[in-house]
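Data block below; observations after.
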Amino acid sequence: LENRQILLGSQTHAKSSLRRFIMIDERVDEIYGDSIRGYFRHHAVEYHILTLSTSEQKKNMDTVLQCTEELETFGISRRCEPIIAIGGGVLLDIAGLVSNLCHRGVPYIRIPTTLLSLVDASIGAKVGVNFSGHKNRLGTYYPPLATFLDKSFLRTLDSRQISNGLAEILKIAVAKDKKLFALLEENGSSLIQDKLQDMHVSPLIIQHAIQGMLDELAPNLWEHELERYVDFGHSFSPVIEMRALPELLHGEAVAIDLALSTVLAYQRTLISTSDLNRVLHLIKTLELPLIHSVCTPDLLHEALQDTILHRDGLQRLPLPTAIGSARFFNDVTVQEITIAIDALKRLI
Ligand SMILES: NC(=O)c1ccc[n+]([C@@H]2O[C@H](COP(=O)([O-])OP(=O)(O)OC[C@H]3O[C@@H](n4cnc5c(N)ncnc54)[C@H](O)[C@@H]3O)[C@@H](O)[C@H]2O)c1
């Protein structure tokens, strides 16, 4: 009931005045559109559905402006008509930016429909789009009014999209949650097969992953502190992902970054051979890549330089010190990275 009130407004609204602008991923609309329309019809809500064909290439300001034009035509009321965003991380990031820019902020509700967006993209306050070949270069912090999590959406994802989301869960596991790591080790293959539809292990894994994110993000929502464990896997991956488009998904680029950072940690004798092997083996079990042909020393050097700008002049590179813990480093060299790339190439 409480969720329905957030979604549809309080009982004080006259029913005839209820209007909602709904932004929905095209594929999600194909699968779930009839039930979503049925829901709003049932509650006598006047709705306008904006269906977006999403991709990393279309996650840009042109799309944001197209959406704002449609929102303008709808004529959204500034405070009492929250925009409802239903889709994966791309749709949610676009919808969040549209909501933030219009009228300097219209409330919005996130309903993630991919594993990656359920455990990661819908948890924090960040919204944004790609710009000038750079990942999420134009963006803001704009927390939603509410986020509704429903893992039954995951049943219609293909297994590659499940693996993609598992990469963000693995990030939390290696950096700060060894229990979560063990759960992934024990259940990795079945999670992919069952698309997290079981009622026992998956809820636990999702809960651990989200709690891990919340513990990091809640006290540092505006990122005043730039040493962030949630940046594990996100130091080299933004540039890797953008250069490998459309070959790599977001989580796949994160997995490569996790593998690289773990090998860098091993080379520095921060972690044991056994922990190194466990991490690399789990990445493979989760059907994620260890390396990609775009990963040359030059490209990764460029990626690190971009990360240094983003992290205010220092690498602040999270490297694992064991499974479930990490520390930050500022002195990783191109030579170390080159050796790590070669090591990963030998493993595939
Ligand atoms: N804002 C943040 O904090 C944050 C954090 C992590 C990632 N992200 C962003 O998230 C994006 C990646 O998100 P993603 O992995 O969800 O990709 P995505 O949004 O591109 O969705 C992946 C694919 O799944 C389809 N899809 C979505 N839900 C479905 C369902 N239930 N059934 C069948 N198909 C479905 C989509 O149409 C799409 O083709 C990246 O752009 C990344 O930068 C943002």
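The values are calculated or read from the model by the stated rules, or taken from the named source; none is laboratory data. Predicted, not measured: the structure shown is a model, and the values here were computed from it. When we count neighbours, we look across all protein chains shown, and the Cβ atoms used for this are built from the backbone with ideal geometry, even at glycine. Quick note on the areas: whole protein, heavy atoms, side chains included, nothing else; ligands and nucleic acids left out. Shrake-Rupley method; radii C 1.70, N 1.55, O 1.52, S 1.80 Å.
In the range 158-183, the residues that are more than 20 Å from Ala253 (Cβ to Cβ) and among the basic types (Lys, Arg) reach residues that are assigned to a helix (DSSP H, G or I) and away from the ligand (no atom under 11 Å from the Cβ) with C-beta atoms within less than 7 angstrom, at least six apart or across chains, in these pairs: Lys176/Gly212; Lys176/Tyr229; Lys179/His208.
For the range 41-48, check the following and say yes or no: at least one residue is under 18 Å from Ser122 (Cα atoms), away from the ligand (no atom under 16 Å from the Cβ) and open to solvent by less than 60 Å² (accessible area, probe 1.4 Å). Checking the range 41-48: not a single residue is under 18 Å from Ser122 (Cα atoms), away from the ligand (no atom under 16 Å from the Cβ) and open to solvent by less than 60 Å² (accessible area, probe 1.4 Å). On the basis of being within 16 Å of the ligand (Cβ to nearest atom), open to solvent by 10 Å² or more (accessible area, probe 1.4 Å) and in contact (Cβ under 8 Å) with a residue 60 or more places away in the chain, does Met23 make the cut? No: the conditions fail for Met23.
Among the residues of the range 192-235, those that are more than 23 Å from Ser159 (Cβ to Cβ), open to solvent by 70 Å² or more (accessible area, probe 1.4 Å) and charged (D, E, K, R) comprise Asp215, Glu225, Glu227. When Leu319 is tested against the conditions (1) assigned to a loop (DSSP other than H, G, I, E, B); (2) under 15 Å from Ala173 (Cα atoms), the lone failure is (1). The set of residues in the range 108-146 that are over 14 Å from the mean Cα position of the chain (by Cα), closer than 21 Å to Leu214 by Cα and more than 9 Å from the ligand (Cβ to nearest atom) comprises Tyr108, Ile109, Thr140, Tyr141, Tyr142, Pro143, Pro144, Leu145, Ala146.
Report whether or not Leu91 is open to solvent by less than 50 Å² (accessible area, probe 1.4 Å), touching a Ser or Thr at 6+ places or on another chain (Cβ under 6 Å) and within 9 Å of the ligand (Cβ to nearest atom). So Leu91 passes the test.
All of (1) of a type in the set (Lys, Arg); (2) within 28 Å of Ile84 (Cα to Cα); (3) in contact with a Phe, Trp or Tyr (Cβ under 6 Å, 6 or more places away or on another chain) hold for Lys176 with one exception: (2). Check whether at least one residue in the range 36-47 is in contact with a strand residue (DSSP E or B) (Cβ under 8 Å, 6 or more places away or on another chain), in a helix (DSSP H, G or I) and under 20 Å from Phe131 (Cβ atoms), and report yes or no. No, the range 36-47 contains no residue that is in contact with a strand residue (DSSP E or B) (Cβ under 8 Å, 6 or more places away or on another chain), in a helix (DSSP H, G or I) and under 20 Å from Phe131 (Cβ atoms). The single condition among (1) closer than 18 Å to Val28 by Cα; (2) open to solvent by 20 Å² or more (accessible area, probe 1.4 Å); (3) away from the ligand (no atom under 12 Å from the Cβ) that Arg79 does not satisfy is (1). Has the range 49-58 got at least one residue that is more than 12 Å from the ligand (Cβ to nearest atom) and farther than 30 Å from Leu170 by Cβ? The answer is yes; a qualifying residue exists.
Of the residues making up the range 243-287, those that are open to solvent by 10 Å² or more (accessible area, probe 1.4 Å) and either of a type in the set (D, E, K, R) or within 14 Å of the ligand (Cβ to nearest atom) (or both) number 13. Within the range 118-136, residues that are without any contact (Cβ under 8 Å) to a residue 12 or more places away in the chain have Cβ atoms under 8 Å from residues that are open to solvent by less than 20 Å² (accessible area, probe 1.4 Å) and near the ligand (Cβ under 6 Å from one of its atoms) in no pair, counting only partners at least 6 apart in sequence or on another chain. Under the condition of being of a type in the set (S, T, N, Q), within 17 Å of Gly88 (Cβ to Cβ) and open to solvent by 50 Å² or more (accessible area, probe 1.4 Å), the residues counted in the range 102-146 number 1.
The listed residues are Lys151, Lys176, and the only one of them that is among the charged types (D, E, K, R), touching a helix residue (DSSP H, G or I) at 6+ places or on another chain (Cβ under 6 Å) and open to solvent by 10 Å² or more (accessible area, probe 1.4 Å) turns out to be Lys176. Of everything listed in (1) open to solvent by 30 Å² or more (accessible area, probe 1.4 Å); (2) part of a helix (DSSP H, G or I); (3) closer than 14 Å to Ser261 by Cα; (4) not small (Gly, Ala, Ser), the single unmet condition for Ile337 is (1). The helices (runs of 4 or more DSSP H) falling completely within the range 148-220 that include 2 or more residues that are β-branched (Val, Ile, Thr), out of contact with any strand residue (DSSP E or B) (no Cβ under 9 Å at 6 or more places or on another chain) and within 13 Å of the ligand (Cβ to nearest atom) map to 159-176.
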